[in-house]
Number of protein chains: 2
Amino acid sequence: MALYVQKFGGTSVATVERIKHVASKVAASRAQGHKVVVVVSAMSGETDRLIGLAREASAQPEPREMDVLLSTGEQVTIALLAMVLEQMGVPARSYTGGQVRIVTDEAHGKARIQSIDRERIDADLEAGRIVIVAGFQGVTEDGDITTLGRGGSDTTGVALAAALKADECQIFTDVDGVYTTDPRVEPRARRMTRITFEEMLEMASLGSKVLQIRAVEFAGKYRVPLRVLSTFQDGPGTLISLDEEDEMEQPLISGIAFNRDEAQVTVKGVPDQPGIASSVLSPVGQANIEVDMIVQNVGSDGTTDLTFTVHRNDYERTLDVLRAAAERVGAGAVLGAVDIVKISVVGVGMRSHAGIAGRMFETLAHEGINIRMISTSEIKISVVVEDKYLELAVRALHAAFGLDIETAI
Amino acid sequence: MALYVQKFGGTSVATVERIKHVASKVAASRAQGHKVVVVVSAMSGETDRLIGLAREASAQPEPREMDVLLSTGEQVTIALLAMVLEQMGVPARSYTGGQVRIVTDEAHGKARIQSIDRERIDADLEAGRIVIVAGFQGVTEDGDITTLGRGGSDTTGVALAAALKADECQIFTDVDGVYTTDPRVEPRARRMTRITFEEMLEMASLGSKVLQIRAVEFAGKYRVPLRVLSTFQDGPGTLISLDEEDEMEQPLISGIAFNRDEAQVTVKGVPDQPGIASSVLSPVGQANIEVDMIVQNVGSDGTTDLTFTVHRNDYERTLDVLRAAAERVGAGAVLGAVDIVKISVVGVGMRSHAGIAGRMFETLAHEGINIRMISTSEIKISVVVEDKYLELAVRALHAAFGLDIETAI
């Protein structure tokens, strides 16, 4: 008998009909003898409806009141799911974040969980009940309602799993697992049976929008095994866990991730002296623009070029900020491009294997694809290429690293 | 500087536009130097939407979960109102019933308030903030969400006013006060400046649906002055208070109430012996049918007739229950009529004045209206007449007791 935390997102509970389907899945786990804690999001569309009301009410809604408003979305879902389960004869109890004392800091709209009181949940589980907890919300020490930020229901699931020392935190979504790359780009993409937290982080941050990054970080930190499954289709999904597991075969490369939402900017002729990178980049951070890849090459004749990528929505604003900064530090022109895409190969296996980068660059060269930027981490190599090459590059790399479905069988 | 509890119902907060109007009224009270605690209902339509979802989820929704669901309605309104006020530069804080510890018993769906923790409210008022509390909801000692039953926001307002020893509990509705009778029936009906709790109870229970009966009882018990005002139209409204007030002129009759929703049933030839009324009526109560007027006349030849009124929706069910009961006790036929209406004259003044009943019956006789049933209390005389006489009877009585607008000026 295991203890599972099962999280269902907005699409999975979009209608009462779907909530009934979720109830049947949850009830099936209980029928197998497992204890189940369920975390649910707001019915899809509901959060947007509430945000619409808030916008009508105020140009800049008070964050405290925004949380009071938005937290009702999940509260509706927990009540409906509990009703459906009770109607099926399965004992269940619903709780808001505040009721199970998911205590957070006071950062309304993006609060962080500090503690969870497991007493009430334990008592219900002992009594044979399914416990249903509203995702995405908590409460401050003072009893003010907080939210964890949009999509934060995954984090609630992982935090509950950690607090309860659950055997698995199962995240039910509309995909049946994590794939070696986006199947819409490469139909031969394979569902992975397992993946490590680190790999998942790299995959997630690069655009495989299956899981919230924070939830994966959290799960890794507290060593909570995460499983991504489909709500609508039976199957084992993908298990995300520590890489120390014996049985885990470690392929060289786990997957090919990509991100079409970035833009590239370059500041030319930056005086090559200590602190210069920060004097160029600080104004960007101060403008609340998030920077992804940063590349600085070895300089020549006392200057260097600084290149980085930002979200495409921030492109124009970034150029403005940088032009001012460049003038201040006596740098040269600021250039940029939006017709680019970032492609990454990800895998813990590359740690102990040389030659991954070589094979990657070779594969791209063989297809005549010019690399505009390179950046590497311990388990990832990312390149920026012209966006028209996206599909070609992903498919070529997918095959080159033996990820195609044929080679897997 | 006074402390007011101001309650706004569902129609008053039906849209964000109307919530802005409510905010301006609340802010105006504060600008006059008053402390204000606001109680709001769910936006009109919202509770019905939630009930619809619950019905889809379960044929018999768990009462505990129903309360978790329904309480979100008011939570949305408090957040929106707080946002609007803050946007106007008026400091405000919203609270759910649980957050200000409106502790109730565990009767989900019809819970009764046991205590309120004023500490947090006092602190906010001291800090110059408007305090916004979700109506209709509370929390058990264990932290489970409860609701006071539909329309219970009035009760929340009165309970808060009592706990805070407020100067007035102001109930804002879509009418501008309590009238001597329904103006749609008698255009010469007058808005009353004042009315006693007892009179208001009789008026309310007889169909002047301005205020929740429970709220009026509660206000009377805790001597909280209640004022009924219009959200949409400025004016002093009607003050409902104790009748000991010196300045209160005491008219003989305060108003004419009526109820079109009743049906009359009679059990003929009931054996005239102790306990017989209860053996006929108990099965009705057990079937959860509420009985209003009950009349039993002095019997003859060892039997008597028992007549009473029930809600028209319960008429057929009542007949079924009574036929079975009549057979058991050896009574005669069970008869009934739905084409009836109850009309009452109400006034604390009648306590000390004989002849009110005489004038009432005389007035009706003069119009050729036959009385089918009479019942009296200390401050009310009710008659049942054929429903086609409703308008005629109300207008005749309204004039006969000097309530017409001309005589008032």
- Consider B:T155 against the criteria (1) surrounded by 22 or more Cβ atoms within 10 Å (Cβ to Cβ); (2) modelled with pLDDT of 95 or more; (3) outside any strand (DSSP E or B): it satisfies all of them except one. Which criterion is unmet? (2)
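Quick one: which residue in A:R184, A:R191 is of a type in the set (K, R), within 15 Å of A:G237 (Cα to Cα) and surrounded by fewer than 24 Cβ atoms within 10 Å (Cβ to Cβ)?
Answer to the selection: A:R191.
Which one is nearest to A:Q264 (Cα to Cα), of the residues in the range A:348-375 that are in a loop (DSSP other than H, G, I, E, B), modelled with pLDDT of 90 or more and not polar (S, T, N, Q)?
This residue is A:I369.
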- May I ask you to list the residues in the range A:304-318 that are over 22 Å from the mean Cα position of the chain (by Cα) and not in a strand (DSSP E or B)? A:Y315, A:E316, A:R317, A:T318
- Query: Does the range B:345-364 include one or more residues that are among the charged types (D, E, K, R), in the same structural domain as B:Y315 (by TED's automatic domain parsing) and closer than 19 Å to B:Q296 by Cβ?
  - Reply: no
- Kindly check whether there is at least one residue in the range A:33-46 that is part of a helix (DSSP H, G or I) and either at negative phi or more than 8 Å from chain B (Cβ to nearest Cβ) (or both). yes
- Query: Quick check: anything in the range A:154-166 of a type in the set (S, T, Y) and out of contact with any strand residue (DSSP E or B) (no Cβ under 6 Å at 6 or more places or on another chain)?
  - Reply: yes
- Query: B:T77: within 24 Å of B:V210 (Cβ to Cβ), in contact with a helix residue (DSSP H, G or I) (Cβ under 9 Å, 6 or more places away or on another chain) and within 11 Å of another protein chain (Cβ to nearest Cβ), yes or no?
  - Reply: yes
- Note on the structure: Every listed condition ((1) assigned to a helix (DSSP H, G or I); (2) out of contact with any His (no Cβ under 6 Å at 6 or more places or on another chain); (3) surrounded by fewer than 24 Cβ atoms within 10 Å (Cβ to Cβ); (4) facing chain A (nearest Cβ under 8 Å)) holds for B:R55 save (4)
- Task: Read through the list (1) within 24 Å of the chain's Cα centre (by Cα); (2) closer than 24 Å to B:R118 by Cβ; (3) among the small types (G, A, S), then give the number of the only condition that B:G45 fails.
- Result: (2)
- Query: Which number in (1) within 9 Å of chain B (Cβ to nearest Cβ); (2) within 13 Å of A:V38 (Cα to Cα); (3) in a helix (DSSP H, G or I) marks the one condition that A:L125 misses?
  - Reply: (1)
- Could we say that B:L322 is touching a strand residue (DSSP E or B) at 6+ places or on another chain (Cβ under 8 Å), buried (at least 16 other Cβ atoms within 10 Å of the Cβ) and assigned to a helix (DSSP H, G or I) here? yes
- Task: Kindly establish whether B:E65 is at pLDDT 95 or above and more than 7 Å from every other protein chain (Cβ to nearest Cβ).
- Result: no
- Can you give me the number of residues within the range B:376-396 that are assigned to a strand (DSSP E or B) and small (G, A, S)? 2
- Any hit, the range B:162-174, residues being buried (at least 22 other Cβ atoms within 10 Å of the Cβ) and either within 19 Å of B:L252 (Cα to Cα) or touching a His at 6+ places or on another chain (Cβ under 8 Å) (or both): no
- Query: Out of B:G355, B:G336, B:G347, which single residue is crowded, with 21+ Cβ neighbours inside 10 Å and not aliphatic (A, V, I, L, M)?
  - Reply: B:G347
- Message: Given the options B:V338, B:V321, name the one that is hydrophobic (A, V, I, L, M, F, W, C) and closer than 30 Å to B:V185 by Cα.
- Response: B:V338
- Task: Could you please find all residues in the range B:164-181 being under 16 Å from the mean Cα position of the chain (by Cα) and in a strand (DSSP E or B)?
- Result: B:C169, B:Q170, B:I171, B:F172, B:T173, B:Y179
- Residue list for the range B:368-388, restricted to those being of a type in the set (A, V, I, L, M, F, W, C) and more than 12 Å from B:N259 (Cα to Cα): B:I369, B:I371, B:M373, B:I374, B:I379, B:I381
- Taking the condition within 11 Å of chain A (Cβ to nearest Cβ) and either part of a loop (DSSP other than H, G, I, E, B) or more than 25 Å from the chain's Cα centre (by Cα) (or both), does B:A111 pass? no
- Just wondering, is there one or more residues in the range A:85-101 that are surrounded by 24 or more Cβ atoms within 10 Å (Cβ to Cβ), within 11 Å of chain B (Cβ to nearest Cβ), in a helix (DSSP H, G or I) and on the phi < 0 side of the Ramachandran plot? yes
- Message: Considering only residues that are without any contact (Cβ under 8 Å) to a residue 40 or more places away in the chain and over 21 Å from B:L50 (Cβ atoms), which ones fall in the range A:25-61?
- Response: A:A28, A:S29, A:A31, A:Q32, A:G33, A:H34, A:R55, A:S58, A:A59, A:Q60, A:P61
- Among the residues of the range B:3-19, which ones are within 12 Å of chain A (Cβ to nearest Cβ) and buried (at least 19 other Cβ atoms within 10 Å of the Cβ)? B:V13, B:V16, B:I19
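The values are calculated or read from the model by the stated rules, or taken from the named source; none is laboratory data. Because the structure is a prediction, the values reported are computed rather than measured. No Cβ is skipped: glycine too gets one built from the backbone with ideal geometry, and neighbour counts run over all protein chains shown.
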